[in-house]
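This report refers to the structure that appears directly beneath it.
Derivation of every value follows stated rules applied to the coordinates shown; laboratory data play no part. All values reported here derive from a predicted model rather than from experimental measurement. With ideal geometry, Cβ positions are generated from the backbone for all residues, glycine too; neighbour counts draw on all protein chains shown.
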Amino acid sequence: MMSDLTFAQHKHGAGEIIVEDISYSIRDRSGRLVELIARCSFRAERGLFTAVVGPSGCGKTTIMNMIAGYHAPDQGKIFLDGVQVKGASWERLMVFQETALFPWMTTLENVVYGPMVRAEKPLPQIRQEAAALLQKFGLAEFKDRYPNELSGGMQRRGELARVLINDPLVLLMDEPFRGLDSMTRQLMQQYLVSLFEEARTTTLFVTSEIDEAIFLADRLVILSGSPATVASVIEVPLPRPRTLDMLSTPDYAHAKTEALEILYAEAVAAFAGGGVVSDLKESFEKIYAS
Amino acid sequence: MAVDLANIERAEVSSTGSPVIKIFLRHGSFIVSLLTILTLGLAWEFAKPLGIPGLLRVPSPSTIVTASAELLHSPTFWQACYKSTLRIIAGFSLAQIVGIPLGFVMATNRTIFNSAFPVAETLRPIPPVAWIPISIIFWPTREESTVFIVFLGAFWIVLLNTIGGVSTVDKVYSRAALSLGSNRWHMLRYIIFPAAMPSIVTGMVISMGICWEMVVAAEMIAGDTGLGYLLWQSFEINATAQVLVCMFAIGLAGFLSSAAIRKLGDLLTPWSKKD
């Protein structure tokens, strides 16, 4: 089914991201330098689904923006297949936090946009491929609608289609399911898993939800507080294809405990650093020690 | 809410109710507005003999109706409407043609912005009406000075709304477009221009209102035809009813042209249509 579409055709040998020792600082309102990211190193291996997990506001989005090429790290380097990342490129495409579908274009026009501006193929052919992709994404009936006429879940699928028609080497997803209701979110997770298992596009997925991360990913990169550093990398021992019933297996529970322990240590450190009363600390311990 | 209720009621009525109620519910809001205007007119008509001080010198609605009947038959009136409308179209269009591209250039080019913005901010606070004398001196004909004043009234609003729209394009859209492979032209044509369009349309709607203010003021001072000129002439020959007819005509013209621009705005931004 995928083979007639362009985006499954290359790969297996393309699309590996290496993040090497990157740091990034910004100036706060009073002009002081605040370090957001301190010497982060990790990799998104080709054909694997890597989830970057960490508390909100820890700089996950900043890292993704650097991989996408929207800004450069102060120190360190990012490589795609051995070539240093400079600037934005369709080889590394991002699905943004809230929908970034262009509101003034119909769903079809949005999907057509990338191949159209790069003019790699004649427009009628692009249109045909876009329509086929939307068919596959269950949006055929909505191809002439504007994004604000679509539901949240449809918008997410539309944006996935807009990205995947370009056949990127790496798919970057920055908390793409945030703001969806839990039912839609779960459906989107299952949908994304099946898409990934079909095409095996190297995927880097940022989330603050540990369950989401474990269900989707082969590997978790756990980031710690501020400035963000890589606290740990955990392999998810679940086989593919992933199914929802795996959420109740001991392997899943084990991976979750392991991840939570690291995150919990960070949370406690953050609390202690903030000088918060020890009651809170104890209640945290009670919840996660079991 | 109100609309939903009306729809529900209409659905219920349509099976059983009388045709009169049906018509009322279908055109409910229109009939209510008409009744309000009618009531106000009647109150005005009958309050006049009571000797309320403010109303003594103002002609009654019946006189105005008679005067408008006369005026509507005179070619002078239609000529005035025609002239004013032409000036509006000319001044308004010029403001868009100059203001929108200039706004684009200013918002996307730092050097041009830095050099043009101080000039704009110095000239902008001057009310367009204050430009009338200098405009009469500068432009060879009265026609040109009137159009220039109309242009000025619209220009600043168009310029500022365009700059505002262009410089507040959500970063997420330009980033997505950049990643997908857009060059500068694609960015301008497919991202920045449509993203700024709602703001530009707002500028158009507001500036159309200002255009009517300006054309009337300019015609009163510098005109030899037009609704503003006719209004002032009527005042000078003490034809107060005619003055009021001119006022209503200007009000109606302003209302219709704003509605037309809004319609145009809906066509330019089909994605922001609400249902």
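Our summary gives chain A a relative contact order of 24 percent, counting only alpha carbon pairs under 8 angstrom and 6 or more residues apart.
Kirkwood's formula applied to the C-alpha pairs of the stretch B:113-230 gives a hydrodynamic radius of 16.3 angstrom.
Between A:Gln75 and A:Glu98, what is the FRET efficiency for a Förster distance of 30 Å, r being their Cβ-Cβ separation, to the nearest 0.05?
On the way: r = 30 Å, r/R0 = 1.01.
Rounded to the nearest 0.05, the efficiency is 0.50.
Using the Cα centre of the stretch B:156-253 as origin and beta-carbon charges of +1 (Lys, Arg) and -1 (Asp, Glu), tell me which of B:Leu227, B:Ile192, B:Val243 is placed farthest towards the positive end of the dipole. Checked the options; the winner is B:Ile192. Multiplying each eigenvalue of the alpha-carbon gyration tensor of the stretch B:176-219 by 5 and taking the square root yields semi-axes of 37, 9, 4 Å, largest first, rounded to whole angstroms. Available extension along the chain between B:Arg57 and B:Asn238 is 64.0 nm, counting 0.36 nm per residue and deducting the alpha carbon span.
In this structure, the amide hydrogen of A:Ser25, modeled 1.01 Å from its nitrogen in the peptide plane, lies closer than 5 angstrom to those of A:Leu36, A:Asp74, counting only residues at least 5 positions away or on a different chain. Residue separation of A:Tyr191 and A:Gln125 scaled by 0.36 nm, minus their Cα-Cα distance, works out to 21.1 nm of gained length.
The stretch A:81-134 and the stretch B:34-92 have Cα centres separated by 58 Å. Using equal-weight Cα scatterers in the Debye expression, the normalised intensity of the stretch A:47-179 in log10 at q = 0.11, 0.13, 0.15, 0.16 Å⁻¹ is -0.43, -0.59, -0.77, -0.87. Ratio to report: Rg/Rh of chain A, with Cα atoms as the point set and Rh obtained by the Kirkwood method; give two decimals. Looking at chain A, the ratio lands at 0.98. The H on the amide N of A:Met94, modeled in the peptide plane, is under 5 Å from the matching H of A:Leu172, each at least 5 residues off or on a different chain. Given their separation in residues at 0.36 nm each and the Cα-Cα distance between them, A:Asp28 and A:Ser248 gain 74.8 nm when the chain is fully extended. For chain B, the relative contact order comes to 21 percent (Cα pairs under 8 Å, sequence separation of at least 6). Its convex hull of Cα atoms gives the protein assembly as shown a direction-averaged projected area, equal to a quarter of the hull surface, of 39.7 nm². Compared with the dominant Cα axis of chain A, that is its longest principal axis, helix A:107-118 is turned about 90°.
With the largest listed first and rounded to whole Å, the semi-axes of the equivalent ellipsoid of the stretch B:66-272 from the Cα gyration tensor are 39, 20, 11.
Label 7 Å along Cα→Cβ of B:Ala43; the stretch B:49-88 residues with amide nitrogen under 20 Å? Counting only backbone N, you get B:49-65. Relative to the dominant Cα principal axis of chain A, helix A:152-164 is inclined by about 70°.
Evaluated on the stretch A:95-240, the Kirkwood hydrodynamic radius is 16.3 Å, with distances taken between all distinct Cα atoms. Tell me the angle of helix A:250-274 to the major Cα principal axis of chain A, expressed in degrees between 0 and 90 and rounded to the nearest ten. Orientation of helix A:250-274: about 60 degrees from the principal axis. Rounded to the nearest Hz, the phi-derived 3J(HN,Hα) couplings of the stretch B:69-84 under the Karplus curve 6.51 cos²θ - 1.76 cosθ + 1.60 (θ = phi - 60°) are 4, 5, 5, 5, 8, 8, x, 4, 4, 5, 4, 5, 4, 4, 4, 4, where x marks glycine and proline.
Using only atoms on other chains, find how many Cβ atoms lie within 10 Å of each Cβ of peptide A:123-134 and report the average.
Working: counts 0, 0, 0, 0, 0, 0, 0, 0, 0, 0, 0, 0.
That works out to 0 on average.
The calculated FRET efficiency for A:Val268 paired with B:Phe248, based on their beta-carbon distance and R0 = 60 Å, is about 0.20.
Take every pair of alpha-carbon atoms less than 8 Å apart whose residues are at least six positions apart; their mean separation over the length of the stretch A:157-231 yields a relative contact order of 31 percent.
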